[in-house]
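Participant: What follows is a structure written as structure tokens; I'll ask about it next.
The values are calculated or read from the model by the stated rules, or taken from the named source; none is laboratory data. These numbers were taken from a predicted model, which means no experiment stands behind them. As a convention, Cβ positions derive from the backbone with ideal geometry for all residues, glycine included, and neighbour counts pool all protein chains shown. Keep in mind that these areas ignore ligands, DNA and RNA; they rest on the heavy atoms of the full protein, side chains included. Shrake-Rupley method; radii C 1.70, N 1.55, O 1.52, S 1.80 Å.
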Amino acid sequence: MTFSCKKKRQYETPLYFSGEELNTTHSHMHLGVILSINLSWHDHIVNTVSRANKRVDVLCRLAHFVDRKSLTVMFNTFIRPILEYGDTLFTNCRQRLLKQFNEELQKL
């Protein structure tokens, strides 16, 4: 994966490792952070919100059977770390993506 801030790539040089050409990908997850080819955090934010939403759905189903204190503990244990992991990366994120991320968090 090569990174570039250019809108269009004029050429793409193939990369080789041990004589074999490496496949080109548009995004790659490394240590839980999704790196995209255009250096945007959009894919990472979408993935983070999607993972958190799945766990919130489970929490909502449990809300009828579990007390409030236990729900808070489960949220802090299973959902909050997903939202906070890599949050310092968002400091150079576009305002539109931050707004989308905050709107999704408000739905939770």
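Participant: Give region 77-90 a look and list any residue that's within 14 Å of the chain's Cα centre (by Cα) and either exposed (fewer than 15 other Cβ atoms within 10 Å of the Cβ) or not aliphatic (A, V, I, L, M) (or both), or say none.
Facilitator: Taking region 77-90 and keeping what is within 14 Å of the chain's Cα centre (by Cα), we get 79-90.
Those that are within 14 Å of the chain's Cα centre (by Cα) and either exposed (fewer than 15 other Cβ atoms within 10 Å of the Cβ) or not aliphatic (A, V, I, L, M) (or both): Arg80, Pro81, Glu84, Tyr85, Gly86, Asp87, Thr88, Leu89, Phe90.
Participant: Hey, another quick one. Among the residues of region 1-21 satisfying the criterion of being at pLDDT 80 or above and either open to solvent by less than 100 Å² (accessible area, probe 1.4 Å) or assigned to a loop (DSSP other than H, G, I, E, B) (or both), which is nearest to Ile82 (Cα to Cα)? Before the answer, list the steps.
Facilitator: Step one: list which residues in region 1-21 are at pLDDT 80 or above, which gives 16-21.
Filter once more, keeping what is either open to solvent by less than 100 Å² (accessible area, probe 1.4 Å) or assigned to a loop (DSSP other than H, G, I, E, B) (or both): 18-19.
Details: Ser18: 37, Gly19: 39 Å.
For region 1-21, the residue satisfying everything is Ser18.
Participant: Let me ask another. Restricting to region 26-48, what's the tally of residues that are open to solvent by 60 Å² or more (accessible area, probe 1.4 Å), assigned to a loop (DSSP other than H, G, I, E, B) and more than 19 Å from Lys99 (Cα to Cα)? Write out each step before concluding.
Facilitator: Narrowing region 26-48 to residues open to solvent by 60 Å² or more (accessible area, probe 1.4 Å): 26, 28-31, 38-39, 42-43, 46.
Within this subset, residues satisfying the condition of being assigned to a loop (DSSP other than H, G, I, E, B) are 26, 31, 38-39.
Next, from what is left, pick out any that are more than 19 Å from Lys99 (Cα to Cα): 26, 31, 38.
Result for region 26-48: 3.
Participant: Looking at Arg68, Arg96, Arg51, can you tell me which residue is free of Cβ contacts under 8 Å to residues at least 60 places away in the same chain, open to solvent by 50 Å² or more (accessible area, probe 1.4 Å), farther than 22 Å from His30 by Cβ and under 18 Å from the mean Cα position of the chain (by Cα)? Reasoning before the result, please.
Facilitator: Details: Arg68 fails: under 18 Å from the mean Cα position of the chain (by Cα); Arg51 fails: farther than 22 Å from His30 by Cβ.
The unique qualifying residue is Arg96.
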